[in-house]
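This report refers to the structure that appears directly beneath it.
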Amino acid sequence: MVKLVYWMRSGYFCILYKGAGLGRSFERPSAESVANRQFSNIPSPPLWVVNNMASSKASFHPQTYHNFLVLDFEATCEKQLIHPQEIIEFPILKLHGRTMEIESIFHTYVQPVVHPMLTPFCTELTGIEQSMVDGKPTLPEVLQMVDDWMRENGLLDPKVNSIFVTCGDWDLKTMLPGQCQYLGLPVPDYFKKWINLKKAYSFAMGNYPANGLPFMIKGLNLQHIGKLHSGIDDCKNIASILTELARRGFTFKQTGSTY
């Protein structure tokens, strides 16, 4: 059953389709549009959600984590390295550790402040246009939003064992700590340990995925979802790889830490 959860903060709200694994972000509507909205036209979940729900009925090898939190940042970029890079897309998928079902999604675009204008190279690579980041929350606001989402999903309970999953070490070893250091912000402890999916794949399959997601998707005979370097689409593909490795009997363990 699809359940709508409205979550508002700082002129922004998310719709989280809990249990179905579908999330969308919108600008805050006017009072008139809210009054006139017809909720009978809610779209059906897309195919990738349906497939994930079907896979949740399969039998998976027992894992040591209650939840896997799939994360994939997109950041400001140019052909030459720019400093500082700033996160412009911040997606997280919450997967149940036993069923591998996507239970909740956090997703927002982020307003860069040091380099507020996206470069043509960045837009071409990520598919993120200037209008998609203009007026969105800045990173300090987003970190508070993430903390609220974590709390609402029971992920801050010390009895709940959750871990982030990324495609590489860059997201949580380099990007987030680097931007937080630049802004003088503390990094929440839950971002300080993670599973590098590339390493997990190499342990499970015996070869290292040099070019990341495309290599792993091909190696597992999976279908690529969406656009490469779209943060939310990359998260969907990471979740598919994670689920397939679990189905094949692999037990995931922490691979990275900044403690």
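The values are calculated or read from the model by the stated rules, or taken from the named source; none is laboratory data. Predicted model only: the values in this text are computed from it and were never measured. Reconstructed Cβ throughout: ideal geometry from the backbone, glycine too, with neighbour counts over all protein chains shown. SASA here: full protein model, heavy atoms, side chains in, ligands and nucleic acids out. Shrake-Rupley method; radii C 1.70, N 1.55, O 1.52, S 1.80 Å.
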* Might you check whether a residue that is open to solvent by 10 Å² or more (accessible area, probe 1.4 Å), assigned to a helix (DSSP H, G or I) and farther than 25 Å from THR258 by Cβ occurs anywhere in segment 132-139? => yes
* To do: Kindly list, by first and then second residue, each pair from a residue in segment 175-198 that is surrounded by fewer than 18 Cβ atoms within 10 Å (Cβ to Cβ) to a residue that is part of a strand (DSSP E or B) and of a type in the set (S, T, N, Q), limited to pairs with Cβ atoms under 8 Å and residues at least 6 apart or on different chains.
  => TYR190/SER162; LYS192/SER257; LYS193/SER257
* Does segment 180-196 hold any residues that are in contact with a helix residue (DSSP H, G or I) (Cβ under 6 Å, 6 or more places away or on another chain) and either part of a helix (DSSP H, G or I) or at pLDDT below 95 (or both), and which are they? -> PHE191
* When residues of segment 64-84 are limited to those that are polar (S, T, N, Q) and more than 28 Å from LEU156 (Cβ to Cβ), the one modelled with the lowest pLDDT -> GLN80
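Kindly provide the set of residues from segment 118-132 that are in contact with a Gly (Cβ under 8 Å, 6 or more places away or on another chain) and over 16 Å from ASP233 (Cα atoms), ordered by number.
Answer for segment 118-132, where residues must be in contact with a Gly (Cβ under 8 Å, 6 or more places away or on another chain) and over 16 Å from ASP233 (Cα atoms): there is none.
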* Scan segment 74-106 for residues that are touching a helix residue (DSSP H, G or I) at 6+ places or on another chain (Cβ under 8 Å), open to solvent by 20 Å² or more (accessible area, probe 1.4 Å) and in a strand (DSSP E or B) and report the count. => 0
* Qualifying residue in segment 51-63 (condition: modelled with pLDDT of 95 or more and in a loop (DSSP other than H, G, I, E, B)) -> yes
* Got a number for residues in segment 207-250 being among the aliphatic types (A, V, I, L, M), touching a residue at least 24 places away in the same chain (Cβ under 8 Å) and either at positive phi or not in a helix (DSSP H, G or I) (or both)? -> 2
* Tally, over segment 144-169, of residues that are touching a residue at least 12 places away in the same chain (Cβ under 8 Å), part of a helix (DSSP H, G or I) and open to solvent by 20 Å² or more (accessible area, probe 1.4 Å) -> 4
* **Of the criteria (1) within 26 Å of THR138 (Cα to Cα); (2) open to solvent by 70 Å² or more (accessible area, probe 1.4 Å), which one LYS218 fails** => (1)
